[in-house]
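*Asks:* Please see the structure below; I have some questions.
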Amino acid sequence: DTGVSQDPRHKITKRGQNVTFRCDPISEHNRLYWYRQTLGQGPEFLTYFQNEAQLEKSRLLSDRFSAERPKGSFSTLEIQRTEQGDSAMYLCASSPRLDRYNEQFFGPGTRLTVL
Amino acid sequence: KNQVEQSPQSLIILEGKNCTLQCNYTVSPFSNLRWYKQDTGRGPVSLTIMTFSENTKSNGRYTATLDADTKQSSLHITASQLSDSASYICVVGGATNKLIFGTGTLLAVQP
């Protein structure tokens with residue numbers, strides 16, 4: 001499968017714990033995005049990487065959130081001291097270097113439940 | 001404020017029938033508009049992408065239209081199938097790489 005992959009698919013954690021999600025983009029896609037989606041809503045932009053550089057972060061990305069893409073390939077999103085409001089689907093998307101439409105290909109998401 | 005609004009919020013149709021979903025946007029500057037299909041518990045999958053110079057694009061039984069003057073788009077689904085049951089999200093691309101998502105229309109196709 002050459003699509004965007006995310007791991008884990010589901011994560012249940014207790015409030016106050018730290019969690020880390022991984023995203024593997026489509027090979028040779030230099031742009032990578034993280035989104036958060038709550039039930040009944042469309043995805044909301046969190047952050048964006050071009051290669052290993054984090055070029056943009058949303059206000060939604062509080063100090064408890066950190067994202068990395070150390071080698072310009074896979075990315076991780078860490079949430080520290082999780083809160084119940086962090087419960088959501090976390091989506092990763094990637095897009096190729098030269099693309100007229102900046103088409104973004106989404107992964108299956110990681111469903112986070114904070115108890 | 002950049003916004004994308006979709007209607008209806010939800011829709012139930014019988015298998016084999018056609019339906020049309022609506023999208024209005026107030027995104028400026030406008031770069032492109034896309035429709036995504038999102039199955040429950042899955043990531044969105046792109047159906048169509050249009051720039052301001054394109055006013056219609058088809059992908060199988062899906063046909064999207066765009067009126068850049070009135071800032072409206074529609075997605076028409078022909079001869080619906082049970083597998084069309086999903087959320088359909090209208091997404092507008094602005095001047096940067098950021099996409100602005102609508103809240104989606106939840107479509108249920110019943111036998």
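*Asks:* How large is the accessible surface of A:Thr76 in square angstrom, using a 1.4 angstrom probe and rounding to the nearest 10?
*Replies:* Near enough 40 Å² of accessible area.
*Asks:* Could you pull the Rg and Dmax for the protein assembly as shown, using just the Cα atoms, both in Å?
*Replies:* When restricted to the Cα atoms of the protein assembly as shown, Rg and Dmax are 17.6, 50 Å.
*Asks:* Once A and B are treated as a pair rather than alone, how much accessible area drops out, both sides summed, in Å² to 100, probe 1.4 Å? Mind showing how you got there, number by number?
*Replies:* Numbers: alone 6880 and 6170 Å², together 11340 Å².
Answer for the A-B pair: about 1700 Å² buried.
*Asks:* Now for a separate question. Per residue, how much accessible area does chain A show when a 1.4 Å probe rolls over the protein heavy atoms, in square angstrom? Could the numbers behind the result be given before it?
*Replies:* Numbers: 6050 Å² over 115 residues.
On a per-residue basis, chain A sits at 53 Å².
*Asks:* Per 0.36 nm of contour for each residue apart, how much would the distance between B:Ser10 and B:Ser58 grow if the chain were fully extended, relative to their Cα-Cα spacing? Write out the running numbers ahead of the final one.
*Replies:* Values: separation 48, 0.36 × 48 = 17.28 nm, distance 2.25 nm.
15.0 nm is the gain from fully extending B:Ser10 to B:Ser58.
*Asks:* Spelling out what I want: for every residue of the range A:42-59, take phi, set θ = phi - 60°, compute 6.51 cos²θ - 1.76 cosθ + 1.60 (Karplus), and round to whole Hz; glycine and proline get x.
*Replies:* 3J(HN,Hα) across the range A:42-59, in whole Hz: x, x, 10, 5, 10, 7, 9, 10, 10, 6, 8, 8, 8, 8, 8, 9, 7, 4.
*Asks:* Over all directions, how big on average is the projection of the convex hull of the alpha-carbon atoms in chain B, in square nanometres? Walk me through the numbers before you get to the answer.
*Replies:* Working: hull surface 26.1 nm².
Projected area, direction-averaged: 6.5 nm².
*Asks:* While we're on this one: Please list, ordered by chain and number, the residues whose modelled amide H lies under 5 Å from the amide H of A:Ser87; skip anything fewer than 5 residues away on the same chain.
*Replies:* A:Val114
*Asks:* Given springs between every Cα pair under 10 Å in a Gaussian network model of chain B, which of B:Gly16, B:Gly41, B:Gly94 has the largest fluctuation?
*Replies:* Checking each option, the largest mean-square fluctuation is seen for B:Gly41.
*Asks:* Can you send over the carbon and sulfur percentage of the accessible area for chain B, probe radius 1.4 Å, protein chains only?
*Replies:* Here carbon and sulfur together make up 50 percent of the probe-accessible area.
*Asks:* Separate question: Just name one of A:Pro108, A:Gly72, A:Gln37: the one whose Cα is farthest towards the positive end of the charge dipole of chain A (beta-carbon charges, Lys/Arg +1, Asp/Glu -1).
*Replies:* Working it through, the farthest residue towards the positive pole turns out to be A:Gln37.
*Asks:* If you don't mind, another one. Holding the Cα-Cα limit at 28 Å, pick out from A:Lys71/B:Lys98; A:Lys14/B:Lys1; B:Lys37/B:Lys71; A:Lys11/A:Lys71; A:Lys11/B:Lys1; A:Lys14/B:Lys98 the pairs that are longer than that. Please report the intermediate quantities before stating the final value.
*Replies:* Working: A:Lys71/B:Lys98 23 Å; A:Lys14/B:Lys1 36 Å; B:Lys37/B:Lys71 21 Å; A:Lys11/A:Lys71 25 Å; A:Lys11/B:Lys1 34 Å; A:Lys14/B:Lys98 32 Å.
The pairs that break the limit, which is 28 Å between Cα atoms, are A:Lys14/B:Lys1; A:Lys11/B:Lys1; A:Lys14/B:Lys98.
*Asks:* Compute the separation of the alpha-carbon centres of the range B:55-76 and the range B:6-35 and state it in Å as a whole number.
*Replies:* 9
*Asks:* So for chain A, what are the equivalent ellipsoid semi-axes in whole Å, largest first, each being the square root of 5 times an eigenvalue of the Cα gyration tensor?
*Replies:* Numbers: eigenvalues 108, 39, 34 Å².
They are 23, 14, 13 Å, listed from largest to smallest.
The values are calculated or read from the model by the stated rules, or taken from the named source; none is laboratory data. Computed from a predicted structure; not experimentally measured. Virtual Cβ from ideal backbone geometry, glycine too; neighbours counted across all protein chains shown. With ligands, DNA and RNA removed, areas are computed over all heavy atoms of the protein, side chains included. Shrake-Rupley method; radii C 1.70, N 1.55, O 1.52, S 1.80 Å.
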